[in-house]
Structures are given as structure tokens and as C-alpha cells.
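Undergrad: Here you go, one structure.
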Amino acid sequence: MRRLSWFNVTSLTLGFAFLYIPMIILVIYSFNESKLVTVWSGFSAKWYGELFQNEAFMRAAWVTIKVAFFSSTFATVLGTMAAYVIVRGGRFYGRTLFSGFIYAPLVMPEVITGLSLLLLFISIGLDRGVLTIVLAHTTFSMCYVSVVVSSRLASFDRALEEAALDLGCTPFDAFRLVTLPIIAPAVIAGWLLAFTLSLDDLVIASFTAGPSATTLPIKIFSSVRLGVSPEINALSTLMIAIVTFGVLSTSIYSKRAIARQQKEEQEAEQ
Amino acid sequence: MNTQEPFAPWENPAEIPLIQFKNVTKKFGDFTAIDGLNLDIYAREFFALLGPSGCGKTTLMRLLAGFETPTSGQITLGGTDLAPIPPNKRAVNMMFQSYALFPHLSVADNIAFGLKRSGVGRDALQARVDEMLKLVQLGKFANRKPHQISGGQRQRVALARSLAKAPKLLLLDEPLGALDKKLRQETQFELMDIQESTGTTFVIVTHDQEEAMTVASRVAIMNHGKLEQIDTPDGIYETPNSAYVADFIGEVNLIQGRATAPHHLDWAEGEIPLNTPEQSPMDQGREYQLAIRPEKINVTAQPPEKADNLVQGQVLDIAYLGNLSTYHVKLKGGQIIKAQSANSRRLSRRRFTWEDQVYLSWAASAGVVLDK
């Protein structure tokens, strides 16, 4: 490892401080005894207890998890299919346009995505609730899944699929029995990413949620407008923990599994 | 069938070919990979497709496997047109250049893969997998994953997997390319044994001429999507039909000249015209090429008593190959002729060295007359 110069150390420290001090303060205050958010009066975990008594929060949390689970599952199926078509479909007519359309939502402002989905749901007369949030989240997170999966597919030895066909598989069987098991780490990583994105999302959810279903980010945002309570701090701390865990495990898992599989594949080719 | 009789179904007009290419053309955009090709391959043949990279040999194989469809023309297998049959329904299996072993499956599961797709019963499947493992001597490695075995073992797994369904035709795409020379030679003989014992028709694609000559019953030389020559290995070597084939296989001296008589080739000023083979008379006044293999040329210090063709020159270079030495001999007119002789004596007692004056002689029948 290279030793860092004082300049690098300073810029690194400043950078991390800039990013993480606000969150550290939030985590510290979530263990504050006092009801007043800004006055420290001693360590306590009572707000976590209170939080779990708060039915509105618990209901929102449940909705959030349901939405995240279903939307990330749908997004994974659709995203994998899209990636497969883009990487494997050859040069079919309109391929560039199609791949452009798949990646466009990555750079589309969320407000626009949210608003357009809202208009769509209103015009087809779909009542806003869990279903509409799931649909909305599926729409934007499938692009991320497709990016992750297509990068794995691009490095996949095509001869493996041809070998499966040659040995009597239908194209669907070849995908199910050979391609899918081999790209599974990337597919799982895509799912975890979609799950995390859905948990986090406020903007698109607030456009597409209805009175019957509120997600946790929306609930937090609306309670904060009435004043920050220590309960919110506790809740936010939990969310930070979950998201951190999700992101870390995704990246570690996918890095390891993809590296291992590519190594095996290369070794099997030699 | 009398086993003493050589295997040569292509010489029997009554024999029906297993595979027929009828005027097959394959184009990729503007590029013509296969150009109006006609080819018959017979059952139980070990047929080698040999050619430089990009000559279309891999495309030809992929047409047989069903990964490509011909732009025009027809390919039949056992009399049926292959065009409407997808790869998974063809009685053809392929051994891939990269082996394409499934990394997530064990050796045994790789071999069983094709059998499972064809709905073979449990016991029959196990028996067939065991048989295949035994054939390629990998019984001990049945439960290993592909990355846990050596390159040579992977090659054998790939072979076993492609043979497991007992295909009518097995395609081998550069099957030994990834092996080192020693292992490659051993495996060539293994391949021949397996081909004989299973009675499967093998079509092998290779760019290694030695490999093609060793394993094949017939060799096809391809160039620019066309077949230059199809013949037995010795036929290709001894009677090439073009300068391209003569030059592609082994070493050759190509001498340009003009026929002065049906069996006389005038080739250089100040040299006596060369005597050419009896069986191929030339048209007087036309230009020809005479191909002579270096090992058919004798190198001597004194002119031999009797020789059809005799030239004198100076040793320019000696390529010592161990068992053989190739002498590059420069003639008076500046032409360089390669002559090869076996090193039956030890190096210290070798006959010639650099700048020695030597005589080169060869029989009239040693050369092959080719159109220019």
C-alpha cells in the first residue's frame, strides 16, 4: 500500500466529514434521552421502543418492504430480459433505440418520472396505492438491473449457450439451465440494488402513493414538516443501517461471486 | 467387410455420402465465407478441414451444427435437408474450441447434460455416463467441477460430452488447440482410437497440418471459402493439384519454367531443361510450375552416376531439425533449392557444411507438374 501525502489525507478527511458528519449526528441524537432533539441529556434507547409502538410508522414500514420486495422482483425479471435482448439479440432493427430507452430513466429527473407515472395512472383510472408504487418502482429500477446484468452477459462465453443448444436444449432451456445459473450472481446483485433503491425513494413514491398506502420515506418527510422528533432520528438510524447493510452486502457479494465465476469460466476455457 | 481392405468409401461410386454440400454459399453482409461449395463426406470418415484462419472452415462447421444457415444451396445429412432443423434437433454434436464446459456443473453432469435433454431413463443415463467416463479415463474425476481439472482433462470431458448422445456426426473445432505439443500428439491418437471404436463420423477443423495429416482419412484444403483439394493425406502431400496446396502442406520447391517438350521444362538460363514425370505431359510453349519436395532431392559431394535431373550449387544455409537437416542450396543463377536429408549419422560426422559445393539430383517422377 502506498502512503498518502498530507494533502491526500486532508482532502480525504474533509470529504468523508462532509459526507458522514450529518449522519453521525443523527445517529448520536437517536440515542438522546431528551424529547428536545437538539439538547443532549443522556444516553437512552427509549425512542426505539416508542418507535415500535407507533402504528402509523410500522404500517408505513410494512408497505415499504412489500413495495421494495415486489418491485425489485418484477424489475429483476424485466431488467434481465431486457439485458438479454440487448446483449444477445444481435443487430435487430431498432436495437440502439431500444437500449437507449432502457437507460434513459437512469438520467431522467425523478420528478418527471413520478409526474408522468401519476398522469398515466390517473388516465387509466388506476387507484393509487401499493400497486401503483410497485409499478412505478419497477419502472425505474429495472434500468439499474439491466445495466448490472448486461455487463455480466457481455463477458459471457457465447459458446456455452451454443453447446447447450447443440446438446438438445431449446433456447429457453439453454437460458434456464446454463445462462441463468451462470449469471445468477449478477441477477441477485441487481435484485438487491433494486430493493435498496425502492426503500430509499421519496420523490416517485410521493407522486404515486395514495391515501391508502404510504411508504416510510413519505411518512418521515411529512412528520418532519411538523417538527423533528427523536423517533424520526431512531427510524432514520435504522434505515441507514438497513441500506448500508444492503449496499455493502450487494457489492461484496456480487464482486466476489462474479469474480469467482469469471475465473472458473476462464479456467474452464483454457 | 474384409478388414485388410483400406477404408475408402469415396472411391466407391455406389456408396451414399452421409453429408452432402450442394452448391452451398454463406454470406455475412458483403463477405462471402463459403463460396458455392460442393462436398461429400461418408459415414465413419475422419474428415479434416484445413486452411488458414478466415478461410471459412469454421463457418462450414457451424453450418453443419446449425448455428448458421446457408445463404443458398443445400446441406443434407443422411439424405434429409438440414436447413429447417434447429441445432437442438440435429443428430450432430460439436466439440467446441473453448470446450464450453458448463462451469456450474460437475464433470459427470456435463456429460449427462445432453442425455437428460433427450429423456433417457435414470439407469440408462447413469450407465452411459459411466461408459463415457471410462472411454476418456476420467472416472475418478466425475464429481469435480471443470475448473478443478487440467486442460487435457477438460478436453476429454468436452469430447465425452459431445459423444454421449452417440451422434451420427461429431464436429471438432480446433479440439487440441489449447494443449501443448506432447499432449496434443498423444490426444490425436486417442481421438483416432475413439473414432474407430465408436464408429462415429468425425469432421475436424484445424489449422495444424500435421494434426490433419495424422488423424484424417481425408483432408480438405480450404482457401477463401472454396475447397482447393480433397484427398487422402498422402494424396494431398504427394500429388497436390495446385501450387497453393503444395505450398500450404509441408515444404516445397516451386520451379517456374516453360515446356520445351512434353517432358522437358526449361527453367533457367545456362541450366539443362528438367525432366518431368512421364504421366503428366505438358503442352509445348506453355508455362508451368514444378513442385518438388525437399526430401526427394539428394545432396551429394560428387555427381551421381545416373540422375534424371542434376544441378550444382553451394550450401547457403543449414537448418538442423534433429532427425533431419534442410540444406538451402544456391545455384549459379541465384535460385535457391531446398533439399532435405535424414541425419542418420551423428552431427560431428555430417557430410556438408556452409559454402560446400554440392550436387542436387532427383528422379523425373519426384516432381509434380502444376499449372501456372
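The values are calculated or read from the model by the stated rules, or taken from the named source; none is laboratory data. Remember, predicted model here, so these are calculated numbers, not experimental data. Don't worry about glycine lacking a Cβ; one is built from the backbone with ideal geometry, like all the others, and counts go over all protein chains shown.
Undergrad: Please work out if A:SER116 is assigned to a helix (DSSP H, G or I), more than 30 Å from A:ALA154 (Cβ to Cβ) and free of Cβ contacts under 8 Å to residues at least 24 places away in the same chain.
TA: yes
Undergrad: Under 6 Å by Cβ, and 6 or more places apart or on different chains, what pairs join a residue from the stretch A:247-270 that is crowded, with 18+ Cβ neighbours inside 10 Å with one that is modelled with pLDDT of 80 or more and not in a helix (DSSP H, G or I)?
TA: Taking only residues 6 or more apart or on different chains, the pairs are A:GLU264/B:PRO103; A:GLU265/B:PRO103; A:ALA268/B:LEU101; A:ALA268/B:PRO103; A:GLU269/B:SER98.
Undergrad: A further question on this structure: Condition first: surrounded by fewer than 21 Cβ atoms within 10 Å (Cβ to Cβ) and among the β-branched types (Val, Ile, Thr). Now tell me which residues in the stretch A:154-178 satisfy that.
TA: A:THR170
Undergrad: Between a residue in the stretch B:124-143 that is among the small types (Gly, Ala, Ser) and any residue that is surrounded by 17 or more Cβ atoms within 10 Å (Cβ to Cβ), which pairs come within a Cβ distance under 6 Å, given they are 6 or more apart or on different chains?
TA: B:GLY139/B:LEU133; B:ALA142/B:VAL107; B:ALA142/B:ALA108; B:ALA142/B:LEU133
Undergrad: Give me a count of the residues in the stretch B:16-55 that are within 20 Å of B:GLN229 (Cβ to Cβ) and outside any strand (DSSP E or B).
TA: Residues flagged as within 20 Å of B:GLN229 (Cβ to Cβ) and outside any strand (DSSP E or B) within the stretch B:16-55 amount to 8.
Undergrad: Could you look through the stretch A:138-172, keep only residues that are more than 30 Å from B:PRO86 (Cα to Cα) and polar (S, T, N, Q), and pick out the one that is nearest to the other protein chains (Cβ to nearest Cβ)?
TA: A:SER141
Undergrad: Name the residue, out of A:PHE140, A:PHE121, that is under 30 Å from A:GLY90 (Cβ atoms) and not hydroxyl-bearing (Ser, Thr, Tyr).
TA: Matching residue, one of A:PHE140, A:PHE121: A:PHE140.
Undergrad: Give the stretch B:61-114 a look and list any residue that's more than 10 Å from chain A (Cβ to nearest Cβ), within 22 Å of A:PHE175 (Cα to Cα), touching a helix residue (DSSP H, G or I) at 6+ places or on another chain (Cβ under 9 Å) and part of a loop (DSSP other than H, G, I, E, B), or say none.
TA: B:GLU68, B:THR69, B:SER106
Undergrad: If I filter the stretch B:106-126 down to residues being of a type in the set (A, V, I, L, M) and surrounded by 13 or more Cβ atoms within 10 Å (Cβ to Cβ), which single residue comes out as modelled with the lowest pLDDT?
TA: It comes out as B:VAL120.
Undergrad: Let me ask something additional. Would you point out the residue of the stretch B:8-40, among those that are surrounded by fewer than 15 Cβ atoms within 10 Å (Cβ to Cβ) and among the hydrophobic types (A, V, I, L, M, F, W, C), that is farthest from B:THR200 (Cα to Cα)?
TA: B:PHE31
Undergrad: Considering B:LEU316, B:LEU360, which residue is assigned to a strand (DSSP E or B), closer than 26 Å to B:PRO281 by Cβ and under 33 Å from the mean Cα position of the chain (by Cα)?
TA: Selected residue: B:LEU360, the only one of B:LEU316, B:LEU360 that is assigned to a strand (DSSP E or B), closer than 26 Å to B:PRO281 by Cβ and under 33 Å from the mean Cα position of the chain (by Cα).
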